[in-house]
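J.: Here it is, the structure, as structure tokens.
Throughout, read-outs are computed from the coordinates displayed, never taken from laboratory work. Nothing here was measured: the structure is a model prediction, and the numbers come from that model. All Cβ positions, even for glycine, are placed from backbone atoms using ideal geometry, and neighbour counts span all protein chains on display.
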Amino acid sequence: MNREILFRGFNEDPNGNEEIELDGKIIKGMWLYGGYHKHRKINYCFKEEEPEDNIEHYIFIDRQADWNMENGIQLGKVIPQTVGQGTILKNKLRLFEGDMYHHGDPNITYTVVWQDNSLKGKQKGSSSYAGLKYWEDRIQKIGTIFDKKEVSDE
């Protein structure tokens, strides 16, 4: 295969240096980037019997060793709602599902979503979609849907 399929997910860690907001709760940890695996801890005969916590979600990444030593693979458990597929634009900008951006006018923002078998930008407050490849020279990433919300004193 001559292309890289990227994923991102947030690994919860109380000692992490990044924070996200999910369902109104602030979570510390770090973003992991790599391959994705959905793991069933136990096989159940009937899907109806399977408890929700039986499925774990992982991002796996290569871990480099010293010169002439075998590299390893590291798994990081991630929060399933934060997992998203990504793409690399020709200017080397990496965008993932859940990222927010604009392409010129900061008042018109988009969220990266998976739609019709590809990643696209969904315009906020509209039903319009924008192709990432068409606008890639103008895209400016402004955050993610998981960024902490600013609280105003008003």
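J.: Could you give the length gained on full extension between Arg3 and Arg94, defined as 0.36 nm per residue of separation minus the Cα-Cα distance, in nm?
T.: Fully extending the segment from Arg3 to Arg94 adds 31.4 nm.
J.: Name the shape class, rounded, prolate or oblate, that the alpha-carbon gyration tensor gives for the stretch 1-112, where a ≥ b ≥ c are the square roots of its eigenvalues, rounded holds for a/c under 1.5, and otherwise prolate holds if a/b is larger than b/c and oblate otherwise. Could the numbers behind the result be given before it?
T.: Values: a/c = 1.66, a/b = 1.18, b/c = 1.41.
Oblate shape, in that a/c is at least 1.5 and b/c is the bigger or equal ratio.
J.: Here is a further query. Could you name the aspartates and glutamates whose alpha carbon sits less than 13 Å from that of Lys149, not counting residues in the same chain fewer than 8 places away?
T.: Glu19, Glu21, Asp23
J.: Still on this model: Please report, in debye to the nearest 20, how large the charge dipole of the chain is about its Cα centre when each Lys and Arg carries +1 at its beta carbon and each Asp and Glu carries -1 there.
T.: Roughly 640 debye for the chain.
J.: Report the Cα centroid-to-centroid distance between the stretch 101-136 and the stretch 36-72 in angstrom, as an integer.
T.: 31 Å
J.: Taking H placed 1.01 Å from N in the peptide plane, check which residues at least 5 places from Ile142 or on another chain put their amide H under 5 Å from its amide H.
T.: Met100, Tyr101, His102
J.: Charges on Cβ only, +1 for Lys and Arg, -1 for Asp and Glu, centred on the Cα centroid of the chain; of Gly34, Tyr44, Asn17, which one is farthest towards the dipole's positive end?
T.: Of the options given, the answer is Gly34.
J.: Let me ask something else about it. Quick one: go through the stretch 79-112 and flag any residue whose amide nitrogen is under 16 Å from the point 7 Å out along the Cα-to-Cβ line of Tyr129.
T.: Flagged as within label range: 85-87, 96-99, 110-112.
J.: In the stretch 69-154, which trypsin sites (Lys or Arg not before Pro) are in a loop and have at most 14 other Cβ atoms within 10 Å, using DSSP for the loop call?
T.: In loop regions of the stretch 69-154 (DSSP not H, G, I, E or B), the sparsely surrounded trypsin sites (Lys or Arg not before Pro) are Lys90, Lys92, Lys124, Arg138, Lys148, Lys149.
J.: Which one, Leu93, Pro106, Tyr134, projects farthest toward the positive side of the charge dipole computed for the chain from Cβ point charges (K/R +1, D/E -1)?
T.: Tyr134
J.: Starting from 0.36 nm per residue, how many nanometres of slack lie between Asn54 and Glu12 once their C-alpha separation is accounted for? Can you show the working numbers first?
T.: Details: separation 42, 0.36 × 42 = 15.12 nm, distance 1.79 nm.
Extending this stretch completely gives an extra 13.3 nm.
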